[in-house]
Structure formats: structure tokens, C-alpha cells
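The block underneath contains the structure these notes are about, expressed in C-alpha cells.
The values are calculated or read from the model by the stated rules, or taken from the named source; none is laboratory data. Keep in mind that this is a model prediction, so the values were computed, not measured. Note: ideal-geometry Cβ built from the backbone for every residue, glycine included; neighbour counts use all protein chains shown.
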Amino acid sequence: MKQGYFTVLTNEKLTSNVYKMTLAGDTKAIERPGQFVNIQIDGLFLRRPISVCDLEDGKLTIIYKVVGKGTEKMSAMDGGEILDILTGLGNGYFTDFAGDKPLLIGGGVGVPPLYYLAKCLLKEGKTPTVILGFNTASEIFYKDEFEDLGIKTIVCTADGSVGVKGFVTDGVDQVGEYTHVYTCGPEPMLKAVYNKTTSDGSYSFEERMGCGFGACMGCSCKTKYGNKRICKDGPVLQKEEIIW
């Protein structure tokens, strides 16, 4: 974990309530995809945990959904503003589990960490397939970015307005062979993916956090191997240890 100051470069609206922010700062503590950063917001006590979407040329990219006071303040930030950020948090995705044909499944704001993961897998010569799930067409983001990487990208919408009608599990039937599942999204989606898929998997959980680095025990959950802290031992847990 490292504390540092980052400069906001851009803050772009992707959908009605989802934003993409790029920042410049020291990202050396971020060791693997699936980790997160914890952002201090002026006037608020707790930091806001946000997944790492991308790292490139010394720039950090995050994508966040406006759901409360903290993210609402973030959405109004302009280029040049300075943020106090903890980086290198969480136990992210390990690419050595991937096999040759990993399957990446993301729902809503669970999509962003899979983008950096996809880039890392491609660098290792893997052939990932991505399933992205949204409620409707107006909520879709980063479809083009995944396709620009040359990755087969399956989009599912609950109302059928784009791509496969249904949930991400309905997209799994279109994939064929896969060697490992990497997924991130709300817990009902993770449970459905767990029940639908046949391979081992790495599941990234969303959880309310206090400190973000394991001191407060506020995000502790039960696993087959004892209690684990989502912020430090997670957010990624392996399929074999999950208790629903």
C-alpha cells in the first residue's frame, strides 16, 4: 500500500451516472489487475474504494458510478484538481490461473477491472473472451474498448435492447470452451456465474469498506478456509473457497 497525491487529468461522463477519470501519479504499488485504490474526498470521513480500470504511460484510469455524496463530488471535479489516494490495495487477479482461453464476465461497474486484466492476459499470449452485462442499451460502456483490443466481446442486456437478451449467464452459452473464469459484479450475478460455469474461477466481490486495508475488519466474510477480509484478502476470492 502506498499513499500519494494524484492530479486529475480528465473526468468524462460515459453514461447518465457512470464516469471515467484519468489521473497522473505514482502507480508503482499497483502490482496486478483487480486491485483497487481508496480516494479521500474533502469533507467526508471514509475514503471511496474504486477498482483500477487501466494503467498506461504513468496514468491511472478509474471508472465509477455516482451512488452517494463521495462519487457525486468526484463527478464534479475538473482537470488539475489533486486527490489523496491509497494505491496497491487488495488481492487482485492472478493471471497464472488463466489457461489459454480465459472467460471474463462483468456486470455494470464490475466491468472496469476486467479491462486491465484483459490487457495483461493478451500480453501473456492468452485468448480471452469477455461477457459484459447491463440492464439496457443506455447503460453500456467500454464495449468498444474491449473490441479494440481484438477480444471477442459478448454484450447482454436484461431488456434485449442490445446483444443477447438476458443476463451474463445467458451469454456463457455462446462462448464454447473456456479454461478459467474471471468475474466481477454484484453478488447475485456472481452467484449465478458460480452456478452456471464449469471451470475454476476468480470472483471479485463488492463490499462496503471502512479502512480499505484490513485494520477495521468491517468487510470480513466467511469462506471455507475461515474468515477473510474483502479489502485485503480479497476482493478476489477463488471459487473453491466461496460460501454463499
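Of all residues being touching a strand residue (DSSP E or B) at 6+ places or on another chain (Cβ under 9 Å) and acidic (Asp, Glu) in segment 153-197, which is surrounded by the most Cβ atoms within 10 Å (Cβ to Cβ)? Just the residue, please.
Ranking the qualifying residues of segment 153-197, first place goes to 170.
Which residues, taken from segment 120-152, are touching a helix residue (DSSP H, G or I) at 6+ places or on another chain (Cβ under 9 Å), surrounded by fewer than 17 Cβ atoms within 10 Å (Cβ to Cβ) and of a type in the set (A, V, I, L, M)?
149
Assess whether residue 127 counts as being among the polar types (S, T, N, Q), under 20 Å from the mean Cα position of the chain (by Cα) and part of a loop (DSSP other than H, G, I, E, B).
yes
Could you run through segment 86-111 and say how many residues are more than 19 Å from residue 149 (Cβ to Cβ) and of a type in the set (S, T, N, Q)?
Within segment 86-111, residues that are more than 19 Å from residue 149 (Cβ to Cβ) and of a type in the set (S, T, N, Q) number 2.
Taking interchain pairs and intrachain pairs at least six residues apart, which have beta carbon atoms under 7 angstrom, with the first residue in segment 145-168 and under 25 Å from residue 54 (Cα atoms) and the second among the hydroxyl-bearing types (Ser, Thr, Tyr) and part of a helix (DSSP H, G or I)?
Note: pairs meeting the criteria are 145/115; 146/115.
Tell me, please, whether a residue that is surrounded by fewer than 15 Cβ atoms within 10 Å (Cβ to Cβ) and basic (Lys, Arg) can be found in segment 18-35.
Yes, because at least one residue in segment 18-35 is surrounded by fewer than 15 Cβ atoms within 10 Å (Cβ to Cβ) and basic (Lys, Arg).
Sort through 80, 58, 4 and tell me the only one that's modelled with pLDDT of 95 or more, on the phi > 0 side of the Ramachandran plot and not aromatic (Phe, Trp, Tyr).
After ruling out the rest, the residue left standing is 80.
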